[in-house]
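What follows is calculated from the coordinates using simple rules that are stated; it is not laboratory data. Everything quoted here is computed from the prediction, not taken from an experiment. Cβ: placed from backbone, ideal geometry, glycine included. Neighbour counts: every protein chain shown.
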Amino acid sequence: MDKITSDEDATSDSSTDDGSPTVDTREFAGHPPQSIADVRETYREQAAMIDRMSWLNRLLTGRYRQRLFGAASGRVLDVACGVGTNARYLPAGSEYVGIDISTEMLAKAEQRLEDHPRETRFYEMDAQDMKFPNDSFETVISSLSTCTFPDPAEALSEMGRVCTPDGQILLLEHGRSSVDPIARFQDWRADAHFEKHSCRWNQNPLKTVSQSPLTIVESSTALLGSVTAIKARPE
Ligand SMILES: C[S@@+](CC[C@H](N)C(=O)[O-])C[C@H]1O[C@@H](n2cnc3c(N)ncnc32)[C@H](O)[C@@H]1O
């Protein structure tokens, strides 16, 4: 695994021209901004558990990953790849590159895919500040990630930048259910869930993507409206 991290680790820390700190007043699904360091710490603590529970993740979302990411082609970048779950759903012949901010999640991904027939490369890198040149990948994929990025619009904008102009961006995201009692439960537990998992689980993925430079081409929802598959193009 190659380690390529941002010089500026805490995205919510910024300053004005005269050096005085500014307050980031943006709100994400009602939650305060968090830093890259916060997210990294969450996944440092949770990598082993997430790795153990990945069978459940695949059981719940595997068929949607298969359907969406089966359309990938060429050089494929998986942004916030976690333990590398998506690699198995790509068509044969596509090249897989995964990035994540968490050393621990990437270590699990490398272990898992050690004997996989597909060639895989992993980089420790911030999705909001990728080190790849423009137009590096024909397909950019990402799953269950916009709920966690400290600045989702920035990460989505970066996905557009590194994708070829005629390439595709495929996102499988989770958010607020369309079933009222479930949605209300999510709202009720939203703060506690965010605190523990750095995850805005009652976000609206379509709204999140529409606030970025990407253009949504197609979308569909499943699992009681809690999972959204999005096909987008860079701009
Ligand atoms: C819920 S996990 C999803 C992992 C995987 N994509 C999946 O579908 O199972 C969210 C992942 O996003 C990563 N992440 C969050 N913010 C990131 C950032 N700014 N840059 C890179 N990875 C990030 C976390 O480290 C974590 O591995």
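For Gly98, the residues whose amide H sits under 5 Å from its own are Asp78, Arg121, Phe122, Tyr123, ignoring neighbours fewer than 5 places away on the same chain, with H placed 1.01 Å from N.
Residues Arg65, Arg161, arranged from fewest to most other Cβ atoms within 10 angstrom of their Cβ, appear as Arg161, Arg65.
Within the listed set Glu95, Glu110, Glu195, the Gaussian network model of the chain (springs between alpha-carbon atoms below 10 Å) gives the highest mean-square fluctuation for Glu195.
Using a Gaussian network for the chain with springs between C-alpha atoms less than 10 Å apart, which of these wobbles most: Asp135, Asp115, Asp51? Maximum among the listed residues: Asp115. Ordering Leu170, Ser142, Ala190 by the projection of their Cα atoms onto the charge dipole of the range 137-196, which places +1 on the Cβ of Lys and Arg and -1 on the Cβ of Asp and Glu, puts Ala190 at the extreme positive end.
Treating the beta-carbon of each Lys and Arg as +1 and of each Asp and Glu as -1, no other charges, what is the dipole magnitude of the chain about its Cα centre, to the nearest 20 debye? All intermediate terms of the calculation are to be shown ahead of the outcome.
Working: 25 positive and 37 negative charges, 284 e Å.
Computed about the Cα centre, the dipole is about 1360 debye.
With a Förster radius of 25 Å applied to the C-beta separation of Arg67 and Glu195, the computed FRET efficiency comes to 0.15.
Derived scalar couplings between HN and Hα for the range 189-200 equal 9, 4, 5, 5, 5, 5, 4, 7, 10, 6, 10, 8 Hz in order, rounded to whole Hz, by the Karplus curve 6.51 cos²θ - 1.76 cosθ + 1.60 (θ = phi - 60°), x for Gly and Pro.
Based on the alpha-carbon set only, what is the convex hull volume of the range 176-223 divided per residue, in Å³?
Looking at the range 176-223, the number lands at 87 Å³ per residue.
The value for the chain of Rg(Cα) / (2.2 N^0.38 Å) is 0.97.
With a 10 Å cut-off between alpha carbons and a GNM built on the chain, which of Ala71, Ala109, Ala155 moves the most? Evaluated over the chain, the most mobile residue of the options is Ala71.
If you count the DSSP beta bridges with both ends in the chain, what percent of them are antiparallel, to the nearest 5?
Working: 15 of 37 bridges.
Here the antiparallel bridges make up roughly 40 percent for the chain.
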